[in-house]
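The values are calculated or read from the model by the stated rules, or taken from the named source; none is laboratory data. These numbers were taken from a predicted model, which means no experiment stands behind them. Positions of Cβ are backbone-derived with ideal geometry, glycine not excepted, and every protein chain shown enters the neighbour counts. The protein model used for the area step is the full one, side chains on, heavy atoms only, and it has no ligands, DNA or RNA in it. Shrake-Rupley method; radii C 1.70, N 1.55, O 1.52, S 1.80 Å.
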Amino acid sequence: LRGRPGITLDEVDARGRSLGTVAVQRPPRAGRALRVTLDGQMQRDLYECFAGRSGGAIFLDPISGGVRALYSGPTYDPNVFAGRLRAADWTALIGNPLKPLQNRPISSAYPPGSTFKVMMACAALEEGVIHPGETIFCGGSKNFYGRDYKCHKKGGHGSVGIADAVTRSCNVFFYTVGQELGIDRIA
């Protein structure tokens, strides 16, 4: 990005006013262009959606991988770091239970939630664990290794195929598929 500055020889009068350029010893070279992928309106909308609540979000362009919008909250005034940092400001920041200094989108570990279900569906189809016409019964929960895992729909979804499981976000379907795939094939 940096480029290279040029060098010119300018003639000046006794007061330092330029009288013109005498010679260009080395022309400047422009740096590489910086392409910003942020979408201003999307960023504003994301900020408004959180409305001061704690959390983090990243919206990525699925083709280029560019960051379209990013939010980490609660926010704080970065001007407290300009100049001398007062002890009271530092104490307020590090003592805040909402941890405003934590950059949630890039420094926190959040479970992927339902977004991972699409990956699981693709893996299950690719590995032949389930076929497009096959269904799995969701009764609202299923026991794995001695523990009940619940679906978000209390009464269950009934028999669901892969397309319905994705659109309805059926937890039991994907728990079952995940167990069939096993950790090695998931990885």
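Only residues that are surrounded by 13 or more Cβ atoms within 10 Å (Cβ to Cβ) and of a type in the set (A, V, I, L, M, F, W, C) were counted in the range 76-89, giving 1. Within the range 163-187, the set of residues being β-branched (Val, Ile, Thr) and under 27 Å from the mean Cα position of the chain (by Cα) comprises VAL166, THR167, VAL172, VAL177, ILE183, ILE186. Scanning the range 22-58 for residues that are touching a Leu at 6+ places or on another chain (Cβ under 7 Å), surrounded by 10 or more Cβ atoms within 10 Å (Cβ to Cβ) and either at pLDDT below 90 or among the hydrophobic types (A, V, I, L, M, F, W, C) (or both) yields VAL22, SER54, ALA57, ILE58. Residues considered: TYR76, TYR47. Of these, the only one that is in a loop (DSSP other than H, G, I, E, B), out of contact with any His (no Cβ under 7 Å at 6 or more places or on another chain) and either farther than 30 Å from LEU181 by Cα or polar (S, T, N, Q) (or both) is TYR76. At least 3 residues being among the β-branched types (Val, Ile, Thr) is the threshold, and among the strands (runs of 3 or more DSSP E) wholly inside the range 97-187 not one reaches it. Taking the criterion of being in contact with a strand residue (DSSP E or B) (Cβ under 9 Å, 6 or more places away or on another chain) and open to solvent by 70 Å² or more (accessible area, probe 1.4 Å), the residues of the range 165-187 that qualify are ARG168, TYR175, GLN179.
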